[in-house]
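The values are calculated or read from the model by the stated rules, or taken from the named source; none is laboratory data. In this text, all values refer to a predicted model and were calculated from it rather than measured experimentally. With ideal geometry, Cβ positions are generated from the backbone for all residues, glycine too; neighbour counts draw on all protein chains shown. Heavy atoms of the whole protein, side chains included, go into the accessibility calculation; ligands, DNA and RNA do not. Shrake-Rupley method; radii C 1.70, N 1.55, O 1.52, S 1.80 Å.
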Amino acid sequence: MMLPHDVISTGSLILRPPVESDAEAIVTTCDDPVSARFLPLLPSPYGAGDALDYLGRSAARWRDGGAEFSITENGRYAGSIGVGPPDRWGVTEIGYLVAPWARGKNVAATAARAVTDWLFDHGVRRVELQAEVENVASLRVAYKAGFREEGRRRDAKQVRDGRYADVVTFGRLAGDAVAVAEPYLPFFEGGELTDGVVALEPLAAEDAKDFHRMMAEPSVAVYSVGPPATLEDNERRCRYTGYWWASGQRVELAVRDAASRAFAGHLQLTQVVPALGQAMIGYSLVPPHRGKGLMTRAVRLLVDWAFAGTPLHRIVAGTEAGNTASQAVLERAGFSREGVHRELFPQPDGTWADDVAWARLRQDEPAGRKS
């Protein structure tokens, strides 16, 4: 199967084969730290000679049955998108990068969708796409371009610092219906929520050591379910934050003292069930930051954001019957006690503890009005 040297027009974008006049912009794009971080095979630093090598490989890719496009907007280079030669079963893979000046404008998502549709028009049956689990921008491109998530490949890609990273795999078939909806869990505008006293931002790999120490602290560990996680496990968990959020599965947050930016705890919105409009919160606080009302403020911020910015109408929580401090947080944050699940939580001595169930509904009195 040979792909034609077409020019693709989609919205404000024109996709065409790369030309030598793109070289300067390609150097700037490929030498950018974000490009270098998520494309570890790119030379670093990236120079003019590397751009000319790329242009030669682009021409060879067309000859070998694949395709390589420069993405342009108003005549200016905005990025690149490449297609591998389709195999004997009509399957190919695409990859892309976006120039720094064109990011945040849906350039990659628009181009990826248009190229995929073009491939289907020319007999390709299936298009695949892969994104590193921490590459939130690329993950969002896949969802916006109509690709379906199909699984994860553990330690599938080595990054520049030598460690191995997990990769999320996506696919689109020629017959798939493409309905791209708004994300169920939008990202925080500006990257965080804050009331000036407490700040919430996505849990990051840099938080792994603090998170691990907190979870191992006896007053936190006593309420944990399951075996203790290793530091490596918790670092992997922190690296998954953006993927879980972009895919609508959960929100994992670091709770910080707004003034010092010190790590104070962890807050999550998990068990998201769109069909029910329901999710669950859970939280932990490190001992030095207790008794200051930080977690009550954090829970209020997150729940108010969820009701204002997502379709959720019911947020629930569960507390072990003896965890009166956690119950007080929920009461102050506007939650109502709904009942008891008997003997839900396993204990180290082989016994079971009751779970007290709590909920706050969208129409309930705002949390800030409760004393």
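Only a single criterion out of (1) in contact with a strand residue (DSSP E or B) (Cβ under 8 Å, 6 or more places away or on another chain); (2) outside any strand (DSSP E or B); (3) in contact (Cβ under 8 Å) with a residue 60 or more places away in the chain is not satisfied by Pro183, namely (1). Within region 262-298, the set of residues being outside any helix (DSSP H, G or I), of a type in the set (D, E, K, R) and within 15 Å of Asp195 (Cβ to Cβ) comprises just one member, Lys292. Screening region 42-81 for residues that are open to solvent by 50 Å² or more (accessible area, probe 1.4 Å) and acidic (Asp, Glu) and picking the one that is farthest from Trp118 (Cα to Cα) gives Asp53. Is region 142-158 home to any residue that is part of a loop (DSSP other than H, G, I, E, B), over 30 Å from Leu15 (Cβ atoms) and open to solvent by 20 Å² or more (accessible area, probe 1.4 Å)? Within region 142-158 (the criterion being part of a loop (DSSP other than H, G, I, E, B), over 30 Å from Leu15 (Cβ atoms) and open to solvent by 20 Å² or more (accessible area, probe 1.4 Å)), the answer is no, since none of the residues qualifies. What are the residues in region 15-50 that are touching a Ser or Thr at 6+ places or on another chain (Cβ under 8 Å), closer than 21 Å to Val83 by Cα and either among the basic types (Lys, Arg) or free of Cβ contacts under 8 Å to residues at least 60 places away in the same chain (or both), if any? If the condition is that a residue be touching a Ser or Thr at 6+ places or on another chain (Cβ under 8 Å), closer than 21 Å to Val83 by Cα and either among the basic types (Lys, Arg) or free of Cβ contacts under 8 Å to residues at least 60 places away in the same chain (or both), then Arg16, Pro17, Val19, Asp22, Ile26, Leu42 are the ones that fit. Counting only strands (runs of 3 or more DSSP E) wholly contained in region 62-117, the ones carrying 1 or more residues that are basic (Lys, Arg) and closer than 18 Å to Ala51 by Cα occupy 76-83. Quick check: is even one residue across region 176-199 more than 30 Å from Arg261 (Cα to Cα), of a type in the set (Ser, Thr, Tyr) and within 18 Å of the chain's Cα centre (by Cα)? No, that holds for no residue. Restricting Ser70, Ser35, Ser9, Ser21 to residues that are closer than 30 Å to Tyr164 by Cβ and either touching a Phe, Trp or Tyr at 6+ places or on another chain (Cβ under 9 Å) or of a type outside the set (Asp, Glu) (or both) narrows the list to Ser35.
Taking region 104-121 as the region of interest, how many residues are in contact (Cβ under 8 Å) with a residue 40 or more places away in the chain and either crowded, with 22+ Cβ neighbours inside 10 Å or not polar (S, T, N, Q) (or both)?
Of the residues in region 104-121, the ones in contact (Cβ under 8 Å) with a residue 40 or more places away in the chain are 107, 110-111, 113-116, 118-120.
Within this subset, residues satisfying the condition of being either crowded, with 22+ Cβ neighbours inside 10 Å or not polar (S, T, N, Q) (or both) are 107, 111, 113-116, 118-120.
Within region 104-121, residues that are in contact (Cβ under 8 Å) with a residue 40 or more places away in the chain and either crowded, with 22+ Cβ neighbours inside 10 Å or not polar (S, T, N, Q) (or both) number 9.
For region 120-141, the set of residues classified as in a helix (DSSP H, G or I), in contact with a strand residue (DSSP E or B) (Cβ under 6 Å, 6 or more places away or on another chain) and aliphatic (A, V, I, L, M) consists of Leu139 only. Screening the candidates Arg103, Arg37 for the property of being under 24 Å from Glu128 (Cβ atoms), in contact with a helix residue (DSSP H, G or I) (Cβ under 8 Å, 6 or more places away or on another chain) and charged (D, E, K, R) yields one hit, Arg103.
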